[in-house]
Amino acid sequence: MNNKAYLFLADGFEDIEALGTRDVLKRAGLDVIGVSINQERQVRSAYGLNVLADTTLDAIAEIDGGDIMIFPGGMPGAANLAGCPRLVSLLRSHFDADGLVAAICAAPGLVLGLLPVKGIRMTCYDGFEDRLRAAGAVFVARPAVRSGNVITGRGPGHTLDFALEIVKAAVGEDAAEKVRAGMTLTCE
């Protein structure tokens, strides 16, 4: 089991992608830590919701190789994440150590596109495919894609698929199915 799931938040983050992902991961028993890249813990979503993150990026010394780094999309949230040098440095180190990274919507192209992702299968929000391709990734038009240590999600409407893919990677298929059933995402 992975240690912690760090959910990075920048002003302009997509509400459902951040909060929906957090909800699913918490249901699976993961230790989710909301991290503001601002100097203060308060972060404002794309739709004006003020969220109080658990901590700030400045308070994090390092991220363990067993941890997960998660990047919600939204604009300008994803661009703000990509424009944070300290966060990008942590991401590169984590990725190079084969740490699990996950991004949805615009974040795969804007944030993960800064990594050496040649040959990695990824998805993203419509209009950001060229950024993935330019970085060497293979674009796949699916709700959620896992390729090695990279998990990507298409957009807001696929948040639950994305989050469940993270759960599968972190604690296994059975845990993901239990969460899916508990949320009545499976009907007989």
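Points worth noting:
- The residues of the chain present an accessible area of 44 Å² per residue when probed at 1.4 Å with all protein chains retained.
- Under 5 Å between amide hydrogens, built in the peptide plane, is the criterion, and for Arg121 it picks out Val138 among residues at least 5 positions away or on other chains.
- Sorted into 5 angstrom bins from 0, the C-alpha pair distances of the chain split as 1, 9, 19, 23, 22, 16, 8, 2, 0, 0 percent.
- Distances between placed amide hydrogens fall under 5 Å for Leu9 paired with Val35, Ser36, Ile37, all partners being 5 or more residues away or on another chain.
- The charge dipole of the chain, taken about its Cα centre with unit charges on the Cβ of Lys, Arg, Asp and Glu (plus for the first two, minus for the last two), comes to roughly 280 debye.
- Close amide-amide hydrogen proximity is noted between Gly155 and Cys105, each under 5 Å apart and 5 or more residues distant or on a separate chain (H modeled in the peptide plane; Pro and chain starts excluded).
- Residue-wise HN-Hα coupling along the range 99-104, computed from phi with Karplus coefficients 6.51, -1.76, 1.60 (Hz; x: Gly, Pro): x, 6, 10, 9, 8, 9
- Phi angles across the range 54-64 convert, under the Karplus curve 6.51 cos²θ - 1.76 cosθ + 1.60 with θ = phi - 60°, into 3J(HN,Hα) values of 5, 7, 10, 4, 4, 8, 9, 7, 7, 10, 5 Hz, Gly and Pro given as x.
- Of all accessible heavy-atom area on the chain, the percent that carbon and sulfur account for (1.4 Å): 47 percent
- Remark: the range 122-138, residue by residue, has Karplus-estimated 3J(HN,Hα) of 8, 10, 6, 5, 3, x, 10, 4, 4, 5, 5, 4, 5, 7, x, 6, 9 Hz, where x stands for each Gly or Pro and the curve is 6.51 cos²θ - 1.76 cosθ + 1.60 at θ = phi - 60°.
- Neighbours of Ala175 by Cβ distance under 13 Å: Lys/Arg scored +1, Asp/Glu scored -1, total +1.
- Since only Asn3, Ile68, Leu132 are under comparison, the one whose Cα sits farthest along the positive direction of the charge dipole of the chain, derived from C-beta charges on Lys, Arg, Asp and Glu, is Leu132.
- Under the combined filter of DSSP loop state and at most 15 neighbouring Cβ atoms within 10 Å, the range 31-126 retains these chymotrypsin sites (Phe, Trp or Tyr not before Pro): Tyr47.
- Spacing of the two label points (7 Å from each Cα toward its C-beta) at Ala181 and Asp126, in nm: 3.6 nm
The values are calculated or read from the model by the stated rules, or taken from the named source; none is laboratory data. As the structure is a prediction and not an experimental result, all values here were calculated from the model. Here the Cβ is made from the backbone with ideal geometry for all residues, glycine too, and neighbour counts use every protein chain on show. All accessible areas refer to the heavy atoms of the entire protein, side chains included, with ligands and DNA or RNA removed. Shrake-Rupley method; radii C 1.70, N 1.55, O 1.52, S 1.80 Å.
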